[in-house]
Structures are given as C-alpha cells and as structure tokens.
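Peer 1: The structure is given below, and queries will be raised subsequently.
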Amino acid sequence: LDFICRQFTQPGDTVFVEEPTYFLAFRIFRDHGLNVVGVAMDEHGLDIDCLERALERHRPKLVYTVPSFHNPTGRTLTGERRERVVALSREHGFIIVADEVYQFLHYGEPPPPSFGTMVERGNVLALGSFSKILAPGMRLGWIQADADLIRRMLASGGIISGGNFNHFTSHV
C-alpha cells in the first residue's frame, strides 16, 4: 500500500476508504499527505450510492477497499457492486486498490470473483499476501494489474535499483 501511494499519488490527493476500514491504512495514507474521505458501508460492503455521492464532491486518485471478509467488519462486497466500482473507476479515472488478502480465507461459500479477475476492465490494483495464507512472518505479497499499471510500477527507482523489497524472501 505504501508502494502504491508512492507510485500513484501526490501529497494533497484524495483517497476514498470504506468506513470503517483497516486501521493501518489510515496511517499509510496520512504518511503520504493524502486527504482521506470515508465512504459508508452496509451489510453488503461498500455502499455504491454513497460512493457515487462522494464522487460528485471529490476526485479521488484511489479508492481503497477490503472487498472480501472486510477488516474489521467481516462483510463481503457483492459481485454486482464490484462490477459497478470497476465501471465507476473508468468513468471517474480513479484506481481501485483492492486489498484482497482475505480472498482465499473462506469456510463454505466463496466470495465473488476477486478484483484481480477484472484488471483488464478497469483501473484495478488487486493486492494479495502470503502472510494470510502461507506464513505470517513472510511479509510478502503480489499485485495484479493491467499491463499499463504494471509498467508504471516497474518504472519505480526502488524496483529498478533492487532496493525496494526483500529479494531473498521474494526468491524463496
């Protein structure tokens, strides 16, 4: 999330978050000088009507969501709402940052398809983590995105220099 903020935002930009949201996300966004705007949730996740009203007042660079088994509420964004968020991302030019670290952690009915399955249809960065499914101490994950967004991330000085991520863990 910190890396994404460095690559896609500038101080003063706006990011929308679900209200409530993962508490450490606030700290990361504020570390980057971002204006954090909360968008209400209901029992089916991010409230799309509230998102559309917020888009009338703000032009966010990012919309941050924890769509499956949301932390801290446990709610899951419906498939229809995921589709609508992707359509809104194209219409309004924001990037969806889908923190999908819980996507694989279901008992019984799986959640709707991840935002990672939608990367070619919108401005989507789908984040995953081995920390939830393999080893908590590993602190390694992945990002799914379309080719244009991947190229923008790979152009990072930190990536080019090899100084950005734990290379030993990445190779393991």
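Peer 1: Just to verify a number: FRET efficiency for Tyr107 and Glu80, C-beta to C-beta distance, R0 = 22 Å, to 0.05?
Peer 2: 0.40
Peer 1: For a test of the definition: using alpha carbon positions, the gyration tensor, and the 1.5 limit on a/c, classify the chain as rounded, prolate or oblate.
Peer 2: oblate
Peer 1: Counting heavy atoms of the protein chains only and a 1.4 Å probe, report the per residue accessible area for the stretch 1-76 as a whole number of Å².
Peer 2: On a per-residue basis, the stretch 1-76 sits at 48 Å².
Peer 1: Now, a different point. So, with +1 on the Cβ of K and R and -1 on the Cβ of D and E, and no other charges, what is the size of the charge dipole of the stretch 19-67 about its Cα centre, to the nearest 20 debye?
Peer 2: My answer is approximately 400 debye.
Peer 1: Could you check the spin-label model distance between Glu91 and Thr73? Points 7 Å from the Cα along Cα→Cβ, value in nm.
Peer 2: 2.1
Peer 1: Another one. Could you give the size of the charge dipole of the stretch 26-142 about its Cα centre, using +1 on the Cβ of each K and R and -1 on the Cβ of each D and E, expressed in debye and rounded to the nearest 20?
Peer 2: The dipole of the stretch 26-142 has a size of about 440 debye.
Peer 1: I've got another one for you. Out of residues 5 or more away from Met41 or on other chains, whose amide H comes under 5 Å of its own, with H placed 1.01 Å from N in the peptide plane?
Peer 2: Hits under the 5 Å cutoff: Glu19, Asp47.
Peer 1: What does DSSP give for the stretch 92-152 in terms of the percent of beta bridges that are antiparallel, rounded to the nearest 5?
Peer 2: Counting only bridges with both partners in the stretch 92-152, antiparallel ones make up about 50 percent.
Peer 1: Okay, next question. Quick check: at a probe of 1.4 Å, how many percent of the accessible area of the chain sits on carbon and sulfur atoms?
Peer 2: 52
Peer 1: Need one number: nm distance between label points at Glu43 and Glu120, each 7 Å from Cα along Cα→Cβ, rounded to one decimal.
Peer 2: Rounded to a tenth, the inter-label distance reads 3.6 nm.
Peer 1: Let me ask something additional. Can you compute the helix-only [θ] at 222 nm over the chain? Use -39500 (n - 2.57) per DSSP H run of at least 4 residues, normalise by all residues, nearest 500 deg cm²/dmol.
Peer 2: -9500 deg cm²/dmol
The values are calculated or read from the model by the stated rules, or taken from the named source; none is laboratory data. Note that the coordinates shown come from a computational prediction; the quantities given were computed from them, not determined experimentally. With ideal geometry, Cβ positions are generated from the backbone for all residues, glycine too; neighbour counts draw on all protein chains shown. What goes into the accessible areas is simple: the full protein's heavy atoms, side chains included, and nothing from ligands, DNA or RNA. Shrake-Rupley method; radii C 1.70, N 1.55, O 1.52, S 1.80 Å.
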